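The structure appears below as structure tokens.
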Amino acid sequence: MTIEATSNILETVQFDGDGYMADPHAWTPEIGEAIAQSLNIELTDRHWVVINFARQEFDANGEAPTLRRITKTTDVNTKELYALFPGGPAKTAAKISGLEKPTGCI
Amino acid sequence: MENGNGNRKLSIISSKGSLDMAMPPLILANAARMSGIDCDLFFTFWGLDIITKKKMGGLNVSTVGNPNMHPWFHIPTIMGVIPGMSAAATWMMNREIEKLDFPPVPEFLEMVMDAGSCVYGCKMSMDMMKLTKDDLVEGAEVLGAMEFLELSENAQVLFV
């Protein structure tokens, strides 16, 4: 996706003051891709393992999974999670997955 | 409060080794790393139990001199000395910790280290307790208080 296409997609998306999507239901994989690009993260298959799991959990429970649940349930371990989502995986992964600011402590 | 890279930084000094005092530094360090804040941990005096291989898996809750046993039940100090009281309180707290999906102390420490926190044992306390680096969990380093404070330059320092 070109930078231009990315910024066009993001122009149509509403964000809250902290940079999280205002409406998680409006998220699409293309929007996720564009948000990642704006955070200088190139998404790989391993990122998508986390993103898809987070979206599944959100669809099922209405909230983002904790990092502990991600590392316990998927095959992505803590070290890899931090490498995939620099700058704090709780925040970065939630932003890219279009989910609300995480409130869990673990 | 920033380190040289422009990131916020936290330095936690952990001085108590009972189970209820071991959790806060670990929870705070993990929360810091999850939200992109750098965080190092310095374990001193009884806090060393948290990173000592032989002790870390068996930390206890003290029922004596602990007037706030809520939410389980209140144990008057005079009752707290009865054998088995501490074990019962420890068992209950471990159960509650598990319910909240917090890992047990050894796994929690490993998680925090995997998340990028550096873990240090206080050299002076270790000398006093006849501990060497081999007694500490893998990955932990031994450091003097002055050196830790040097590392904590421009960090927010928390004493637990």
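Taken together, the values in this text are just the output of simple stated rules run on the coordinates, not laboratory data. Source: prediction; values computed, not measured. FYI the Cβ positions are ideal-geometry reconstructions off the backbone, even for glycines, and counts take in every protein chain you see.
Divide the volume of the convex hull around the Cα atoms of the range A:41-106 by the residue count and you get 78 Å³ per residue.
Counting neighbouring Cβ atoms within 10 Å and putting the fewest first, the residues A:Thr74, B:Thr44, A:Thr103 line up as A:Thr103, A:Thr74, B:Thr44.
Computed over chain A, the per-residue total of -39500 (n - 2.57) for DSSP H runs of n ≥ 4 gives a 222 nm mean residue ellipticity of -16000 deg cm²/dmol, rounded to 500.
Subtracting the Cα-Cα distance of A:Thr28 and A:Glu11 from 0.36 nm times their residue separation leaves 4.7 nm of extension gain. The P(r) of the protein assembly as shown has a tail past 25 Å containing 53 percent of all C-alpha pairs. Note on B:Lys53/B:Met129: beta-carbon distance plugged into 1/(1 + (r/R0)^6) with R0 of 22 Å gives a FRET efficiency of 0.95. Put a plus charge on the Cβ of each Lys and Arg, a minus charge on the Cβ of each Asp and Glu, and nothing anywhere else: the dipole of the protein assembly as shown about its Cα centre is then about 1000 debye.
Between B:Met79 and B:Lys99, how high is the FRET efficiency from 1/(1 + (r/R0)^6) when r is the Cβ-Cβ distance and R₀ = 35 Å? Nearest 0.05. Don't skip to the answer; put the middle values down first.
Numbers: r = 25 Å, r/R0 = 0.72.
Approximately 0.90, to the nearest 0.05.
Which residues make up the longest stretch of chain B that has no GluC sites (Glu not before Pro) in a DSSP loop with at most 13 other Cβ atoms within 10 Å? So the longest stretch without any such site is B:1-137. Think of chain A as a dipole: +1 on every Lys or Arg Cβ, -1 on every Asp or Glu Cβ, centred on the Cα centre; then among A:Ile106, A:Val13, A:Pro24, A:Ile106 lies furthest on the positive end.
Normalising by the residue count of chain A, find the relative contact order in percent from Cα pairs under 8 Å and 6+ residues apart.
With pairs under 8 Å counted, the relative contact order is 31 percent.
Coordinate range of the alpha-carbon atoms in the range B:68-160 per principal axis, descending: 44, 31, 28 Å. Placing unit charges on each Cβ (+1 for Lys and Arg, -1 for Asp and Glu) gives the range A:30-106 a dipole about its Cα centre, and among A:Leu67, A:Ala93, A:Asn40 the Cα reaching farthest toward its positive end belongs to A:Leu67. Ordered by the number of other Cβ atoms lying within 10 Å of each residue's own Cβ, fewest first, A:Arg46, A:Arg55 fall into the sequence A:Arg46, A:Arg55.
Net charge dipole, chain B: roughly 460 debye, given to the nearest 20, about the Cα centre with Cβ charges of +1 for Lys and Arg and -1 for Asp and Glu. In terms of overall dimensions, the C-alpha atoms belonging to chain B reach 51, 35, 24 Å along their principal axes, ordered largest to smallest. Legend: distances between Cα atoms for A:Lys101/B:Lys55; A:Lys91/B:Lys54; B:Lys9/B:Lys53; A:Lys72/B:Lys54; B:Lys9/B:Lys54; pairs beyond 32 Å are A:Lys101/B:Lys55; A:Lys91/B:Lys54. Cβ crowding within 10 Å ranks A:His47, A:His25 as A:His25, A:His47, fewest other Cβ atoms first. Considered as an equivalent ellipsoid built on the Cα gyration tensor, the range B:1-65 has semi-axes of 26, 11, 10 Å, the largest given first.
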